[in-house]
Number of protein chains: 2
Amino acid sequence: MQEDYLKSIISENAKNMRRSAIRDLLKMATRPEIISFGGGFPDITAFPVDELRTVIQEVLDENAIQALQYGETLGVKKLREILAQRYRDQGIDVTYENFIITTSSQQAIDMVTQLFINPGDTIVCGLPSYLGALQAFYAHRANPVGIPKDEELHTVVNALVAAGKKPKFIYAIPDFQNPSGVTMNIEQRQNVLDVASKFDLLVLEDSPYREIRFSGEPMPQIYSMDKEGRTLLLGTFSKTFLPGFRLGWIMAPVKIIERLEIVKQSADLCAPVFNQFIVARFIEKGYFDKNVERIKINYRNKRDNMIAAFEKYMPEGVTWTNPEGGLFLFVTLPEGYDTSELFRIAINEDVAFVIGEAFHCDGSGKNTLRINFSYMEETRAEEGVRRLANAIRKMMQDKKAKGQ
Amino acid sequence: MQEDYLKSIISENAKNMRRSAIRDLLKMATRPEIISFGGGFPDITAFPVDELRTVIQEVLDENAIQALQYGETLGVKKLREILAQRYRDQGIDVTYENFIITTSSQQAIDMVTQLFINPGDTIVCGLPSYLGALQAFYAHRANPVGIPKDEELHTVVNALVAAGKKPKFIYAIPDFQNPSGVTMNIEQRQNVLDVASKFDLLVLEDSPYREIRFSGEPMPQIYSMDKEGRTLLLGTFSKTFLPGFRLGWIMAPVKIIERLEIVKQSADLCAPVFNQFIVARFIEKGYFDKNVERIKINYRNKRDNMIAAFEKYMPEGVTWTNPEGGLFLFVTLPEGYDTSELFRIAINEDVAFVIGEAFHCDGSGKNTLRINFSYMEETRAEEGVRRLANAIRKMMQDKKAKGQ
């Protein structure tokens, strides 16, 4: 089969799909000398593998026949009950029927997009926003529209509605956003709901990092503030437990969960059953919460170390966010600099990051970049920041030398 | 959010999705007295759990950091290499680059459909055909056209092409088809390729049961007969290893694999990494092949037992297939009988099956039903067939009494 012919028969959706800039950049950054701040990898070097061993043995002793067989499309009931209980403990009125277990939070975004999006439909999101969500939106030919600052949300949505482009949903990552590291305050959360209510939109609250708050005060979830049942909340075990298990969930009104069940049947029948049994037991035994506490201390130290290195090494004109949780901080160079150009210089200096433009659905953000602080060990992280600062200085000097 | 409004904002694709008849019927058949031949469940009661324990311990000893972290979208390289080697051992010229690991074979079907199908596109499939594939086709608004007998494949495709409805691909399950249990002979396989070649179509060879042949001679895969690189082969670990691990694969020309990688990034980033490491090691240690041999003996005995029970109990006019492998046999009642009606009678007799109509994209097959023989223990299976035969007799007598 010829390449040209193949090109001619792929779907319109597939033609609109975009490769992950992160995954492609990471392929360039595989030399062992390179210090990469690129991936969104959690640090699992301190993960309690022995507790995992115990849990797996117990699952195989007590639940092998169910855990190794096909499972329900909605997920293992025990795990859904545990999740419901954890949200009830936070004052949210839900039962297991408000949950579907997904094969990662990425699948959750894809499923919600499949359920609601026709080609050309508008989705409102952040500038910047999570790259994997943008990928899923593009894969279904949605039209993501970014909101530069969220006080303008009403204006942008109003204009879209007036132009006959009423958004299907508002996509938000309220806690320690990926990539910016920024957390929405309570007024901003209320504003999302108010705008959604006024124009009758859904809210997709993506919440992968919420449990990993290591400073400041928790804000209520948008889901918990919503009195009208228009919010879907996405969660994941990738950051608090293990990404290699590929498990996430959607919490939503039951009538939406029922529809997502049908999407999931077609997508992969059910999430890995064995993995669900393991996570459920890991939580029940208290290992999960202990691990989250460990992660918070670890990442707080790493953030502090990272911020200290930035303060020590970065040239004037460079700014960065100081996140209260999560895995990322976001760096802004003076206007006019392009981090794609910086990336090439940085790779020569043996340091890598993700260009900020990848997170901007409108092509802006050329002078920004994302730094992951959760993965890299601290001494190496400091060295990486030193190299990055050198690369930035080189770029700045080049520009000056060219008289730009 | 009101139900009516919700209905109005779901996507056209979602509106076209159909609930799995199997999963819904199974929900009706949960009373413990009911003997269910409904699910496509493998028998895992004899699965070597101790070998699995050993393998998991070794993975955690030697590969924890990679196995618990995010993995490559294409899958764990080791597992792709093992698969390639297994196909090379069968004389098929492939490398690891011809493979992408999927989160189940269901996801593989969904990904291929996403990659090629625009709403309204035609797919050619069997009558009957696998329900999960039909679900994925409907979910992307494809138009599946069933071929009653495969000698007519050329005629049907020719007519479709003439009508401007050229199919994107031919979907076939050549070995022990689900639901019919029928295996294509070599002429039928060649015919699929000839028609595909003549009209420049892709072939989607779904091969979940191939390894489980317990009688007769293996036929070559369509993939191995294809000289033009137009075949994609789908495999799964759900029947030969464990369904609760949710792992499958696609073997295809590299230029198609590259495109599927982008689909997979958006779908769920990567298949469960931990599970991939476990399966790879389970195969390397020789446990996998040993397990397949055990399954073949088990399922051959169960098929023999099932066929004997059918011969013993079934009233005249009922026919059934006698599969050389796989998990299913297919039962046909005399014309004019409706197995939806039979299902209600059967449930009262405490026996369940899947109505054949669910597998027919044209609404035919009302007098057929599918029986799974892999799952049920043999004494209970015989009792189930006795009950089913009773239910059929009752329906026949009712019909006679009504003078129909």
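The values are calculated or read from the model by the stated rules, or taken from the named source; none is laboratory data. Bear in mind that the values here come from a model prediction, so they are computed numbers and not experimental data. Backbone-built Cβ (ideal geometry, glycine too); neighbour counts: all protein chains shown.
Here B:E152 meets each of (1) more than 14 Å from chain A (Cβ to nearest Cβ); (2) touching a residue at least 40 places away in the same chain (Cβ under 8 Å); (3) farther than 28 Å from B:F241 by Cβ with one exception, condition (2). Residues in the stretch B:97-116 that are part of a helix (DSSP H, G or I) and either over 24 Å from the mean Cα position of the chain (by Cα) or polar (S, T, N, Q) (or both): B:E97, B:N98, B:S105, B:Q106, B:Q107, B:T113, B:Q114.
Residues in the stretch A:41-50 that are assigned to a loop (DSSP other than H, G, I, E, B), more than 8 Å from every other protein chain (Cβ to nearest Cβ) and out of contact with any Ser or Thr (no Cβ under 7 Å at 6 or more places or on another chain) were compared, and the one that is nearest to A:L342 (Cα to Cα) is A:A46.
For the stretch B:236-275, a residue qualifies if it is of a type in the set (D, E) and surrounded by 24 or more Cβ atoms within 10 Å (Cβ to Cβ), and exactly one does: B:D268. Being touching a residue at least 60 places away in the same chain (Cβ under 8 Å), more than 27 Å from B:N16 (Cα to Cα) and out of contact with any strand residue (DSSP E or B) (no Cβ under 7 Å at 6 or more places or on another chain) is the requirement here; does A:L127 meet it? Against the criterion (touching a residue at least 60 places away in the same chain (Cβ under 8 Å), more than 27 Å from B:N16 (Cα to Cα) and out of contact with any strand residue (DSSP E or B) (no Cβ under 7 Å at 6 or more places or on another chain)), A:L127 does not qualify. Restricting attention to the stretch A:60-76 and to residues that are more than 8 Å from chain B (Cβ to nearest Cβ) and closer than 17 Å to A:L247 by Cα, the residue that is farthest from the chain's Cα centre (by Cα) turns out to be A:E72.
Scanning the stretch B:327-363 for residues that are touching a strand residue (DSSP E or B) at 6+ places or on another chain (Cβ under 8 Å), in a loop (DSSP other than H, G, I, E, B) and within 30 Å of B:G216 (Cβ to Cβ) yields B:L327, B:L333, B:F353, B:H360, B:C361, B:D362.
Counting residues in the stretch A:278-285 that are within 11 Å of chain B (Cβ to nearest Cβ), at pLDDT 95 or above, in contact with a strand residue (DSSP E or B) (Cβ under 9 Å, 6 or more places away or on another chain) and crowded, with 18+ Cβ neighbours inside 10 Å gives zero.
Residues of the stretch A:8-18 include at least one that is in contact (Cβ under 8 Å) with a residue 40 or more places away in the chain and more than 7 Å from chain B (Cβ to nearest Cβ). Taken as a whole, the condition of being of a type outside the set (A, V, I, L, M, F, W, C) and assigned by TED's automatic domain parsing to the domain that holds B:L388 applies to B:E324.
If the condition is being touching a Leu at 6+ places or on another chain (Cβ under 7 Å) and assigned to a loop (DSSP other than H, G, I, E, B), then the stretch B:122-157 contributes only B:P148.
Listed here are the residues, each with its yes/no results for (1) touching a residue at least 40 places away in the same chain (Cβ under 8 Å); (2) assigned by TED's automatic domain parsing to the domain that holds A:T321; (3) under 19 Å from A:E324 (Cβ atoms).
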site	(1), (2), (3)
A:V156	no, no, no
A:A163	no, no, no
A:I170	yes, no, no
A:I186	no, no, yes
A:S197	no, no, no
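Has the stretch B:299-316 got any residue that is buried (at least 22 other Cβ atoms within 10 Å of the Cβ) and either in contact with a strand residue (DSSP E or B) (Cβ under 6 Å, 6 or more places away or on another chain) or within 25 Å of B:M28 (Cα to Cα) (or both)? Yes, the stretch B:299-316 contains at least one residue that is buried (at least 22 other Cβ atoms within 10 Å of the Cβ) and either in contact with a strand residue (DSSP E or B) (Cβ under 6 Å, 6 or more places away or on another chain) or within 25 Å of B:M28 (Cα to Cα) (or both). Applying the set (1) surrounded by fewer than 21 Cβ atoms within 10 Å (Cβ to Cβ); (2) within 24 Å of the chain's Cα centre (by Cα); (3) over 18 Å from A:Q177 (Cβ atoms) to A:M376 leaves exactly one unmet item: (1).
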